[in-house]
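Peer 1: Here it is: the structure, laid out below.
The values are calculated or read from the model by the stated rules, or taken from the named source; none is laboratory data. Just so it is clear, the model here is predicted, and its values are computed rather than measured. Methodologically, a virtual Cβ is constructed for each residue, glycine included, from the backbone with ideal geometry; neighbour enumeration extends over all protein chains shown. Only protein heavy atoms, including side chains, enter the accessible area calculation; ligands, DNA and RNA are left aside. Shrake-Rupley method; radii C 1.70, N 1.55, O 1.52, S 1.80 Å.
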Amino acid sequence: QVQLVESGGGLVQPGGSLRLSCAASGTISNFMIMGWYRQAPGKQRELVATITNDGGTLYADSVKGRFTISRDNAKKTVWLQMNSLKPEDTDVYYCSALASTYRVWGQGTQVTVSS
């Protein structure tokens, strides 16, 4: 089964930028939708952004205009470019791959937005 490994999280000041990467151990072209989700302690995991195999994107209202999701099937990687970060963007960010019958999750990467 394909494994997903996130990287790029860290501490950033409000207004700053981070770029998260999700590297897959195998092909991602089989996954209809790749996505990023986030979760705070004690809260439900929520969708941040998704991208289909043909490049169609979907964003949570809270990140529209600030975050950009992209994927490169040849590189087996999905990225999340996060700009104009706010303290409320602080969460653990998870990469997800959705196939027709199953979903794969990464282990998560912490993003902290604080001055």
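Peer 1: Any idea what the dipole of the chain comes to, in debye rounded to 20, about its Cα centre with Lys/Arg Cβ at +1 and Asp/Glu Cβ at -1?
Peer 2: Values: 11 positive and 8 negative charges, 18 e Å.
Approximately 80 debye in magnitude.
Peer 1: Would you work out what percent of the accessible area of the chain, with all protein chains in place, is carbon or sulfur (probe 1.4 Å)?
Peer 2: On the way: 2890 of 5930 Å².
With neighbouring chains kept in place, the figure for the chain is 49 percent.
Peer 1: Note down the net charge around VAL113, summing +1 for each Lys or Arg and -1 for each Asp or Glu among other residues with Cβ under 15 Å from its Cβ. Could you put the intermediate results ahead of the total?
Peer 2: Numbers: positive: ARG19, ARG38, ARG66, LYS86; negative: GLU88, ASP89, ASP91.
Residues close to VAL113 contribute a combined charge of +1.
Peer 1: Specify whether the C-alpha gyration tensor of the range 32-109 places it in the rounded, prolate or oblate class, a ≥ b ≥ c being the square roots of the eigenvalues: rounded for a/c under 1.5, otherwise prolate if a/b is larger than b/c and oblate if not.
Peer 2: Numbers: a/c = 1.87, a/b = 1.31, b/c = 1.43.
Oblate shape, in that a/c is at least 1.5 and b/c is the bigger or equal ratio.
Peer 1: I'd like the distance between the alpha-carbon centres of the range 69-101 and the range 15-41, rounded to an integer number of Å.
Peer 2: Answer, in whole Å: 3.
Peer 1: Rounded to the nearest 10 Å², what accessible area does TYR94 have for a 1.4 Å probe in the complete protein model?
Peer 2: Its accessible surface works out to 40 Å², give or take rounding.
Peer 1: Taking 22 Å as R0, compute the FRET efficiency from the Cβ-Cβ separation of ARG103 and ASN83 and round it to 0.05.
Peer 2: Details: r = 28 Å, r/R0 = 1.25.
Given R0 = 22 Å and the Cβ-Cβ separation, E is 0.20.
Peer 1: Separate question: Calculate, for the chain, the solvent-accessible area per residue in square angstrom, rolling a 1.4 angstrom probe over the heavy atoms of the protein chains.
Peer 2: Numbers: 5930 Å² over 115 residues.
Per residue, the chain has an accessible area of 52 Å².
Peer 1: Excluding ligands and nucleic acids, what accessible area in Å² is computed for ILE33 using a 1.4 Å probe, to the nearest 10?
Peer 2: Approximately 60 Å² of ILE33 is accessible to the 1.4 Å probe.
Peer 1: Take the Cβ-Cβ distance between SER21 and LEU58 as r, set R0 to 22 Å, and report the resulting FRET efficiency rounded to the nearest 0.05. Write out the running numbers ahead of the final one.
Peer 2: Values: r = 20 Å, r/R0 = 0.89.
Approximately 0.65, to the nearest 0.05.
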